[in-house]
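Student: The structure under discussion is supplied below as structure tokens; questions concerning it will follow.
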Amino acid sequence: MDVARLTDRGYTEADAAGATALFNVAESHAGGHPGWTVPEVRAMLASMVRDHDRDARVVVSPDGDMVAVAVVASPPEGGFRIDLMGAVRPDRRGRGIGRDLLGWQLRRAREIHRDTAPECDWVIHVATNAEDTDTLRLYRRAGLAPVRYWFDMEATADRPATVPVPDGLRVTEYRPGRDRDLHAAHTEAFADHWGSQARTYPDWESLTVRNESFAPALSRVAYDGDQIAGYVLAYLDDDPTRVYIGQVGVRRAWRRRGLAAAMLSQALRAAVPAGRHTLALSVDADSPTGAVGVYGRVGFTVQTRGVTYAIDLPAAPTTGSGQD
């Protein structure tokens, strides 16, 4: 295909299905699982991208097929991290499309930093499968460097481990009505996780419990009396036999008691009657809470590795008053 005939334009709501399909094709090509859903992509763009026309681009062929997509996700208020996401159809790689889009993403990220918080140190993050050599080479050429590794883990729901709920706690299926308390619990639980950024309740709600892919019957919330101690939030995968565990959190006062394993054990047992036989999640390989070991206890095993590349956006230098 003649690259000169491709059209580069801003993202619109009508592009959600095409972008989802493209993310899944790229994920599969890189050796990962193609689990993106249209509601997930819509929620991500709605909550994390300020201006769809300026901060997200699609590249289409003359017949309207989407060839590439690139997204620049701004940090929430008070945040520090800009996330880049993108994909190029595997059969269109090697023609400079990915290089040009990544260059645009980096320029746009620097503009957002300059216009939003030039006095603050920010960072740009972009992640991919650790075996995607073409993409990793592209990142390195653009000046990014690896800073963190991730494990994509899976467990089979047909033979779940039975992990008892710690004494004094109870675990229930997710029910609406305590969402603001759940948001507060999530903000606390993730405060010491690498790269975490606290989001406002409306943005968090859109990404989680109001996401059309959210699976309340497979999600769990743990209580100590009336206090939320922990939670597991599940989402339907593009594969009808799978569930993706998007968030697992235990507040500090209730850690090291086996609560996360107990909640995941219940989620696994609930999955089979719902026709879902595999649960998947991603975890920081260096998680300070020992999450990798916790998940292994319930039967999760590592399937693939991901890696985050980064480049700093330092604060603009301050100028003196010119007085002696």
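Student: Using Cα centres only, tell me the gap between segment 204-240 and segment 289-307 in whole Å.
Tutor: First find each Cα centre; the distance between them is then 19 Å.
Student: Would you mind computing, in nm to one decimal, how far apart the modelled labels at Val272 and Ala217 are, each placed 7 Å from Cα along Cα→Cβ?
Tutor: Between Val272 and Ala217, the simple spin-label model gives 1.6 nm.
Student: Please compute the contact order of segment 153-305 in relative form: average sequence separation of alpha-carbon pairs under 8 Å and at least six residues apart, divided by the residue count, as a percent. It would help to have the intermediate numbers written out before the result.
Tutor: Numbers: 270 pairs, mean separation 53.8, N = 153.
Relative contact order, segment 153-305: 35 percent.
Student: Measure off 7 Å from each Cα along the Cα-to-Cβ vector at Thr7 and Ala315, then give the distance between these two points in nanometres to one decimal.
Tutor: According to this spin-label approximation, the distance is 4.5 nm.
Student: Can you give the helix-only mean residue ellipticity at 222 nm for the chain, where every DSSP H stretch with n ≥ 4 adds -39500 (n - 2.57) and the sum goes over all residues, rounded to the nearest 500 deg cm²/dmol?
Tutor: On the way: 9 runs with 97 residues, N = 324.
That calculation yields -9000 deg cm²/dmol at 222 nm.
Student: Also, I was wondering about something else. Which FRET efficiency, nearest 0.05, do Ala17 and Ser61 yield, Cβ-Cβ r, R0 22 Å? Numbers along the way, then the final one.
Tutor: Working: r = 16 Å, r/R0 = 0.73.
Result of the calculation: an efficiency of 0.85.
Student: Using modelled amide H (1.01 Å from N, peptide plane; none on Pro or chain starts), what sits under 5 Å from the amide H of Thr304, excluding residues fewer than 5 places away?
Tutor: Amide H neighbours of Thr304: Asp152.
Student: If you don't mind, there's one more thing I want to ask. Count charges around Ala280 for me, please; just the other residues with Cβ under 13 Å from its Cβ, Lys/Arg as +1, Asp/Glu as -1. Before the final figure, lay out the partial values.
Tutor: Numbers: positive: Arg242, Arg276; negative: Glu27, Asp152, Glu154, Asp237, Asp238, Asp239.
So the surrounding residues net to -4.
Student: Then there is this: Please list, in order along segment 155-171, the HN-Hα scalar couplings obtained from phi with the Karplus expression 6.51 cos²θ - 1.76 cosθ + 1.60 (θ = phi - 60°), rounded to whole Hz, x for Gly and Pro.
Tutor: Result, ordered by residue: 9, 8, 7, 5, 10, x, 5, 9, 10, x, 6, x, 3, x, 10, 9, 10 Hz.
Student: Label Ser282 and Arg137 with points 7 Å out from Cα along Cα→Cβ: what is the distance between them in nm?
Tutor: About 2.4 nm, to one decimal.
Student: Provide the net charge surrounding Asn211, with neighbours chosen by a C-beta distance below 15 Å and charges set as Lys +1, Arg +1, Asp -1, Glu -1.
Tutor: Details: positive: Arg42, Arg199, Arg210; negative: Glu40, Asp179, Asp203, Glu205, Glu212, Asp237, Asp238.
Within the 15 Å Cβ shell, the charges total -4.
Student: Once you charge only the Cβ atoms, +1 for Lys and Arg and -1 for Asp and Glu, what is the size of the charge dipole of the chain about its Cα centre, to the nearest 20 debye?
Tutor: Details: 38 positive and 43 negative charges, 124 e Å.
It works out to roughly 600 debye.
Student: Which whole-number percent is the relative contact order of segment 57-201 (Cα, under 8 Å, 6+ apart)? Each step should come with its number before you reach the end.
Tutor: Working: 113 pairs, mean separation 31.2, N = 145.
About 22 percent, as a whole number.
Student: Taking 0.36 nm per intervening residue step and subtracting the Cα-Cα distance, what contour gain separates Thr241 from Val38 on full extension? Spell out each step's value before the answer.
Tutor: Numbers: separation 203, 0.36 × 203 = 73.08 nm, distance 1.70 nm.
Length gained, Thr241 through Val38: 71.4 nm.
Quick note: the coordinates plus some simple rules give every number you see, no bench work behind them. For clarity, every value in this text was computed on a predicted model and none was experimentally measured. In this analysis, Cβ positions are derived from the backbone assuming ideal geometry, glycine residues included, and neighbour counts consider all displayed protein chains.
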